[in-house]
C-alpha cells in the first residue's frame, strides 16, 4: 500500500512543555485516517509540523515518500491543507481565491481554469464561482477550502478540525464528502475531537497529551480495549493518562 | 516558470485587496495631505528653508516636506502590511502562502515586492495631488523617483516584516505608531533638514542621520529632482538587505513562528 504520509519518532516541545512525544504513524492512500484527541492533545502542533510552519529538531516526516527537510518543495507540492482557521480572502470571489492558490502551486492559467471548474463541480459550487466568499455560509466556505486544497492533486489531504462552527447538516455533508475523497485514492488525515465524525472503516489514531494512545481501525481499537463503543474507548484512553 | 506565476499571483492578490479596501487607501492618502495642506501651511513662515541640495533656489516649506510625506506613505504602508501579516498569520492566509512549494525567502520577498508596488502607486497619487497644489518637481523627476520609491518601500516593508516575525505584541497599531512610526518619522529629515536639527541638538541630528528612514527620504528627494544621492542609495540598500535577511531568518521553520499557537 502506498503511504501518503509517514511520521517517525516526532517530538516537539514549547520550552519545557512537551507537546508531542515520540509520535509515529502512517497514513495510507485511499483511507480516511482520523486523528482523535481532546483539546490540547497536540493535534494542532502535529499539523503545524506536517505543514512545515515550523520544523521539529527530532523525528522525520515524509509526504508521498519525500522527506520534509531534505526535499521540502516536493513534499509540500503533494499535500493539500484545510486549516482550522478560515484562510480565504473574503473580498475576493471563489474563483479568484482558487486561482491564486493554483498559481502558488505553479499551475498554468489554462490548467488552473480547468481544475477550478472540475473542483467546483465536484463540490456543487459552480453557481458560486463569481460570488464573493463573504457572501457564502460557513459550510460553503469550508467546501471552497477543500476544493482549493485539491486543485494541485495532492496525495495527502490534511484537515484540522474543519467542522468547527458548522451546523449539523453542513458537518454531516462535509464528513461524507471527505470520506468520498478517500475512496478515490487520496490519503486523508482528519483531526477532530468529535467522535461522530468517525466512520467504521476509518483508521483511528488517538492522541492524548502529546502521545499516541491507540492506533488501528475502529473495530480493532474497540476490541482491543474490550469496550462496547468508540466513545467508551476514547474515555478509557484519555482518562487513563490524565 | 512556477516562481514567476506565484509572483504574479501574489502581486495580483495584493492589488485586488487594495482595490477592495478603498477605505484604507483613502486613509493612507488623507494623512500626508493633511500634513501638506495644513501643517505645512501653518509652518511655512516659521520654518524657512535655505538653499540646500538638491534645491537650486529658495523653496517653500511645502516643497521641502513633499518627499518626506511620500516617505510617510511608504512607512505607514510598510508597517501596516507587517501588521496585516500578523493578522494574516492568525487568520491563516499567511499559512496558505507559506505552504506553497517554493522557498520561503522567495515567497516572503514576493509578498514584500507586491505590497511595495501598491505603496508606490499610492505615493504617485499623492505626488499628483501635490503637483496640482503647486509642488512641481521636474517631469523627469517623477520617473526617476520610481526606483527610489520601490527601494525605500522595500526597505520599510522589510523592517515591518522583521518586526512582525519577532514581536508578538505588534497586533495593535497604536503600539507600532508610538514605538516605531513616530520616532522614525520625527527623527528624520522628512520634516526638517539635518542642519536645522543640528542647531537645536547635535545628538538628535546624529540619530536622524543614522535613521534609515531619513536616508530613504533623501533618496526620494534627490531622485525627484533628477539626482542620485549615492550615500542614501547605499545606506537604504544595505538596510533593506539586512532587514530582509533577518526577516527571512525570523520566519524560518526551524525557529518556528513566534506567534505559533499551542494545540
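The values are calculated or read from the model by the stated rules, or taken from the named source; none is laboratory data. For clarity, every value in this text was computed on a predicted model and none was experimentally measured. In this analysis, Cβ positions are derived from the backbone assuming ideal geometry, glycine residues included, and neighbour counts consider all displayed protein chains.
Would you call residue A:109 over 21 Å from the mean Cα position of the chain (by Cα), within 9 Å of chain B (Cβ to nearest Cβ) and at negative phi?
The answer is yes for residue A:109.
Residues of the stretch A:1-27 being within 14 Å of chain B (Cβ to nearest Cβ) and at positive phi, which ones?
A:15
Check off (1) outside any helix (DSSP H, G or I); (2) out of contact with any helix residue (DSSP H, G or I) (no Cβ under 7 Å at 6 or more places or on another chain) for residue A:204 and give me the number that stays unchecked.
All conditions pass for residue A:204, except number (2).
Of the conditions (1) under 25 Å from residue B:19 (Cα atoms); (2) touching a helix residue (DSSP H, G or I) at 6+ places or on another chain (Cβ under 6 Å); (3) assigned to a helix (DSSP H, G or I), residue A:90 clears all except one; give me its number.
It is condition (3) that residue A:90 fails.
What's the total number of residues in the stretch A:55-69 that are more than 7 Å from every other protein chain (Cβ to nearest Cβ) and in contact with a helix residue (DSSP H, G or I) (Cβ under 8 Å, 6 or more places away or on another chain)?
The total comes to 8.
Within the stretch B:91-107, take every residue that is modelled with pLDDT under 85 and under 24 Å from the mean Cα position of the chain (by Cα) and give me the one that is farthest from the other protein chains (Cβ to nearest Cβ).
Checked the stretch B:91-107; the qualifying residue farthest from the other protein chains (Cβ to nearest Cβ) is B:94.
When residues of the stretch A:149-198 are filtered for being assigned to a helix (DSSP H, G or I) and in contact with a strand residue (DSSP E or B) (Cβ under 8 Å, 6 or more places away or on another chain), how many remain?
Matching residues across the stretch A:149-198 total 8.
So in the stretch A:70-89, with the set limited to residues that are at the interface with another protein chain (Cβ under 9 Å from one of its Cβ atoms) and more than 18 Å from the chain's Cα centre (by Cα), which one is nearest to residue A:126 (Cα to Cα)?
Only one residue fits best here, namely A:89.
If you scan the stretch B:171-212, which residues turn out to be assigned to a loop (DSSP other than H, G, I, E, B) and in contact (Cβ under 8 Å) with a residue 12 or more places away in the chain?
B:187, B:188, B:189, B:190, B:191, B:192, B:193, B:211
If you take the residues in the stretch A:31-47 that are closer than 13 Å to residue A:204 by Cα and within 12 Å of another protein chain (Cβ to nearest Cβ), which one is farthest from the chain's Cα centre (by Cα)?
Among those residues, the one meeting the criterion is A:37.
Return the residues of the stretch B:1-52 that are facing chain A (nearest Cβ under 9 Å) and in a loop (DSSP other than H, G, I, E, B); say none if nothing qualifies.
Answer for the stretch B:1-52, where residues must be facing chain A (nearest Cβ under 9 Å) and in a loop (DSSP other than H, G, I, E, B): B:1, B:21.
Taking the stretch A:107-148 only, how many residues are touching a residue at least 40 places away in the same chain (Cβ under 8 Å) and out of contact with any strand residue (DSSP E or B) (no Cβ under 6 Å at 6 or more places or on another chain)?
Residues flagged as touching a residue at least 40 places away in the same chain (Cβ under 8 Å) and out of contact with any strand residue (DSSP E or B) (no Cβ under 6 Å at 6 or more places or on another chain) within the stretch A:107-148 amount to 10.
If you check residue A:102 against the conditions, is it touching a helix residue (DSSP H, G or I) at 6+ places or on another chain (Cβ under 6 Å), in contact (Cβ under 8 Å) with a residue 40 or more places away in the chain, outside any strand (DSSP E or B) and within 11 Å of chain B (Cβ to nearest Cβ)?
Yes.
Name, by its number, the condition in (1) within 13 Å of another protein chain (Cβ to nearest Cβ); (2) in a loop (DSSP other than H, G, I, E, B); (3) within 18 Å of the chain's Cα centre (by Cα); (4) more than 26 Å from residue B:4 (Cα to Cα) that does not hold for residue A:52.
Checking residue A:52 against (1) within 13 Å of another protein chain (Cβ to nearest Cβ); (2) in a loop (DSSP other than H, G, I, E, B); (3) within 18 Å of the chain's Cα centre (by Cα); (4) more than 26 Å from residue B:4 (Cα to Cα), the one that fails is (4).
Yes or no: residue A:166 within 25 Å of residue A:114 (Cβ to Cβ) and buried (at least 17 other Cβ atoms within 10 Å of the Cβ)?
Judged against the criteria, residue A:166 is not a match.
Checking the conditions here, which among A:35, A:76, A:46, A:20 is in a helix (DSSP H, G or I) and under 14 Å from residue A:212 (Cα atoms)?
Exactly one residue qualifies, and that residue is A:46.
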